[in-house]
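Student: Pasting in a structure now, in structure tokens, and then I'll have a few things to ask.
The values are calculated or read from the model by the stated rules, or taken from the named source; none is laboratory data. These numbers come from a predicted model, not from an experiment. Glycine also receives a Cβ, built like all others from the backbone with ideal geometry; neighbour counts cover every protein chain displayed. In case anyone asks, the SASA skips ligands and DNA or RNA and just uses the protein heavy atoms, side chains included. Shrake-Rupley method; radii C 1.70, N 1.55, O 1.52, S 1.80 Å.
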Amino acid sequence: TEVAGQTAVSEMAASAMAAASATSGEPLTPPSFGPLRLLVVQPTPFCNLDCDYCYLPSRDDRSRLPLELLERTLERVLESPYASDDFTLLWHAGEPLTMPIAFYDEATALIRSVLARREGPPLQIAQSLQTNAMTIDAAWCDCFERNDIHIGVSLDGPAFLHDTHRRTRTGLPSHAASLRGIGWLQRRGIPFQVIAVLTDDALDHADTLFDFFHGQGIDNLAFNMEEAEGENLTSTLSRPRSEARYQAFLERFWERLRAEPGALRLREFDEIAGLACGDQRLARTDMNHPFAIVNVDARGNFSTFDPELLSVATAAYGDFAFGNVLTDSLESVALSAKFQQVHNEIRAGVERCRADCDYFGLCGGGAGSNKYWERGTFDCSETQACRYRIKLSADVVMAGLERELELTG
């Protein structure tokens with residue numbers, strides 16, 4: 001009843017906004033949307049790897065984002081009320097470095113040009129990209145430096161883990177090439193973060209992974225759990241006892257980190273410890289808040305909420321693109337029936353989490369994509385992804401901090 005009531009109220013609000021817009025000639029936008037923090041842009045769907053856990057379809061599609069479409073994307077974002085402060089443009093959803101270096105030189109010049117002619121208070125657009133690092137060399141390092149592009153690298157640890165899942169389209173291993181690219185970043189002093197996907201294969205190798213990353217001079221690390229999402233219909237972490245083994249893995253990794261302070265930082269532990277020690281709580285996450293994130297594919301289709309909702313077709317919704325930058329403004333899609341349906345269901349799911357979950361303050365209601373791909377609806381609460389990413393990680397961090405307080409108390 002509560003959810004149905006929320007939906008009815010939102011539908012009435014949408015009708016009222018549409019009527020007011022027709023009268024005034026100006027689109028009205030819910031004031032609680034945004035501000036934009038992340039613009040995810042797909043330069044190409046193509047990837048030179050065929051990772052077995054990837055959620056993206058069409059990884060053999062060699063389409064490229066035209067610069068004219070990038071310019072229209074930036075104009076759409078900057079003309080909207082959501083771009084009120086600095087934000088990051090993340091090149092993602094494919095392998096960005098299969099595009100030529102000249103593309104990023106021209107894209108950077110275009111970003112600067114669009115910002116220069118924008119009216120209103122100045123803002124900055126930082127660039128970042130997520131890559132497998134296989135093609136990084138001196139020329140790419142030059143490109144990153146002159147265009148001030150921050151780098152994230154995907155690397156799953158030592159070769160026996162990495163190459164099990166991350167192989168080329170012809171079945172060849174990719175580990176050596178990724179390490180070679182990382183070596184270029186390190187020699188040039190270009191900062192980067194590594195994201196490692198944890199599959200069931202990794203759960204018995206906490207010490208091996210710690211020693212590998214530390215030994216490679218990688219000191220900024222993040223773990224992404226393998227998710228059942230999009231094209232990856234099942235996760236190896238759904239196997240019996242995987243959750244218990246995952247917790248044991250995290251406990252051992254925590255022990256190694258605390259025994260060797262400064263060896264490396266782990267994103268998951270840092271975020272939870274920061275919230276716990278600062279007695280902070282999240283009221284929401286950008287992944288379930290409209291227009292905090294905007295995602296645009298290589299054809300100009302765009303969505304909001306978490307990026308994993310952009311490119312995969314579903315029976316219930318079709319795809320999750322709400323519009324195209326060539327024909328639609330961000331404000332106009334906020335009034336569409338499709339957006340309203342998804343937004344209302346995501347919000348109802350967040351309220352379920354708020355009411356039911358003791359961990360809500362650590363995640364703000366979770367990611368809609370995990371809820372949809374695991375449970376077939378946004379209007380739900382707990383998922384396997386949140387148990388792994390939030391609950392188990394929080395239990396390990398809190399237990400570790402409590403033990404340390406007892407020892408020093």
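Student: Among the residues of the range 237-270, which ones are under 22 Å from the mean Cα position of the chain (by Cα) and touching a residue at least 60 places away in the same chain (Cβ under 8 Å)? Steps first, please.
Tutor: Looking only at the range 237-270, we keep the residues that are under 22 Å from the mean Cα position of the chain (by Cα), and these are 237-238, 246, 250, 264-270.
Result: LEU237, SER238, TYR246, LEU250, ARG267, GLU268, PHE269.
Student: Applying the selection to the range 276-289, what residues are open to solvent by less than 40 Å² (accessible area, probe 1.4 Å) and at pLDDT 85 or above?
Tutor: THR285, ASN288, HIS289
Student: Helices (runs of 4 or more DSSP H) wholly in the range 161-275 with at least 2 residues that are modelled with pLDDT of 95 or more, of a type in the set (Gly, Ala, Ser) and closer than 30 Å to ASP142 by Cα - which ones?
Tutor: On the way: elements: 175-188, 206-215, 242-259.
Helices (runs of 4 or more DSSP H) meeting the threshold: 175-188.
Student: Another one. Looking only at residues that are among the hydroxyl-bearing types (Ser, Thr, Tyr) and either modelled with pLDDT under 90 or in a loop (DSSP other than H, G, I, E, B) (or both) in the range 303-317, which one is surrounded by the fewest Cβ atoms within 10 Å (Cβ to Cβ)?
Tutor: From the range 303-317, those among the hydroxyl-bearing types (Ser, Thr, Tyr) are 303-304, 311, 314, 317; that's our starting set.
In the following step, the residues that additionally are either modelled with pLDDT under 90 or in a loop (DSSP other than H, G, I, E, B) (or both) were identified as 311, 314, 317.
Values: SER311: 24, THR314: 13, TYR317: 16.
Applying the filter and picking the extreme gives THR314.
Student: Restricting to the range 318-334, name every residue that is surrounded by fewer than 15 Cβ atoms within 10 Å (Cβ to Cβ) and either touching a helix residue (DSSP H, G or I) at 6+ places or on another chain (Cβ under 7 Å) or not in a loop (DSSP other than H, G, I, E, B) (or both).
Tutor: Passing the criteria: GLY318, LEU326.
Student: Test ALA292 against the stated conditions and say whether it is under 17 Å from the mean Cα position of the chain (by Cα), within 21 Å of ARG59 (Cα to Cα) and surrounded by fewer than 24 Cβ atoms within 10 Å (Cβ to Cβ). Step through it out loud before you land on a result.
Tutor: Details: under 17 Å from the mean Cα position of the chain (by Cα): yes; within 21 Å of ARG59 (Cα to Cα): no; surrounded by fewer than 24 Cβ atoms within 10 Å (Cβ to Cβ): yes.
Judged against the criteria, ALA292 is not a match.
Student: Looking at (1) more than 19 Å from the chain's Cα centre (by Cα); (2) buried (at least 23 other Cβ atoms within 10 Å of the Cβ); (3) of a type outside the set (Asp, Glu); (4) at positive phi, which one does GLY365 not meet, given that it meets all the others?
Tutor: Result: GLY365 passes all but (1).
Student: Name the single residue that is nearest to ALA248 (Cα to Cα) among those in the range 177-200 being open to solvent by less than 70 Å² (accessible area, probe 1.4 Å) and without any contact (Cβ under 8 Å) to a residue 24 or more places away in the chain. Can you show your working first?
Tutor: Of all residues in the range 177-200, those open to solvent by less than 70 Å² (accessible area, probe 1.4 Å) come to 177-179, 181-183, 185, 189-190, 192-200.
Cutting the leftovers down to without any contact (Cβ under 8 Å) to a residue 24 or more places away in the chain gives us 183, 189.
Values: GLY183: 31, GLY189: 35 Å.
Among those residues, the one meeting the criterion is GLY183.
Student: Turning to a different aspect of this structure: Which of the residues that make up the range 123-159 are within 18 Å of GLU71 (Cα to Cα) and open to solvent by 40 Å² or more (accessible area, probe 1.4 Å)?
Tutor: The answer is GLN124, ALA126.
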